[in-house]
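Structure record follows, encoded as structure tokens.
The values are calculated or read from the model by the stated rules, or taken from the named source; none is laboratory data. Note that the structure is predicted; figures quoted are calculated from it, not measured. Every residue, glycine among them, receives a Cβ derived from its backbone with ideal geometry; neighbour counts consider all protein chains shown. For accessibility, only protein heavy atoms count, side chains too; no ligands or nucleic acids. Shrake-Rupley method; radii C 1.70, N 1.55, O 1.52, S 1.80 Å.
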Amino acid sequence: MKISECMTRDVRLASPDMTLREAARLMGECDAGVLPVGENDRLVGMLTDRDIAIRGIAEGKGPDAKVREAMTEEVRWCFEDDDADEALQTMADEQIRRMPVLSRQKRLVGIVSLGDLTEACRPQETGQTLSAISRAGGQHNQSIH
């Protein structure tokens, strides 16, 4: 199955100059826990509700802090015509639960989550991916230093 067959197409984009309050409000409006962050027609980061909590509030940044202060700058993405199994493997390797989906012209066309892929792939593969994502530490560890 291709990513385009299981991804969510309704994606809202945050700006790095938005405040964390504005981003949180946007997440609430679209019922999402993650926002891709775009600037000058480029994907420059991802912001999760967890980023707001750990990199924002827990580090003493208030609701008026900028998205760029809490976002994850390194973005892992996939193409809409990629195979769903490849996306699962990337999620396991990188310990991430959601990835932006790009067209071959590098335009944001959606987002794919582990939940989306659960419905598209065999349950055993999804379970293995969740296990890999959930292991402690890793590149996207958000421990307070």
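Can you tell me how region 23-102 classifies by the Cα gyration tensor, rounded, prolate or oblate, using a/c under 1.5 as the rounded cut? Don't skip to the end; give the middle numbers.
Details: a/c = 2.08, a/b = 1.81, b/c = 1.15.
Taking the square roots of the gyration eigenvalues as a ≥ b ≥ c, region 23-102 is prolate.
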key: Exposure of Arg68 as accessible area (Å², to 10), given a probe of 1.4 Å and all protein chains   = 100 Å²
query = Once Rh is set to the Kirkwood radius over Cα pairs, what Stokes-Einstein translational diffusion coefficient, in µm²/s, holds for region 1-56 at a temperature of 20 °C and a viscosity of 1.002 mPa s?
reply = 178 µm²/s
inquiry  = If the reach is capped at under 29 angstrom between alpha carbons, list the lysines near Lys2, excluding any in the same chain fewer than eight residues apart.
reply    = Lys106
inquiry  = Using each residue's phi in region 78-89, evaluate 6.51 cos²θ - 1.76 cosθ + 1.60 at θ = phi - 60° and report the 3J(HN,Hα) Karplus result to the nearest Hz, with x for Gly and Pro.
reply    = 9, 8, 5, 9, 5, 6, 4, 5, 5, 5, 4, 5
ask   = Points 7 angstrom from Cα along the Cβ direction at Asp41 and Glu22: gap in nanometres?
value = 2.2 nm
message = So for region 1-48, averaging the separation of alpha carbon pairs under 8 Å that are six or more residues apart and normalising by length, what relative contact order in percent results?
response = 32 percent
ask   = Amide H neighbours of Gly110 under 5 Å, counting only residues 5+ apart in sequence or on other chains, H built in-plane at 1.01 Å?
value = Val101
message = Please give the charge dipole size of region 54-101, origin at the Cα centre, charges +1 on K and R Cβ atoms and -1 on D and E Cβ atoms. Round to the nearest 20 debye.
response = 540 debye
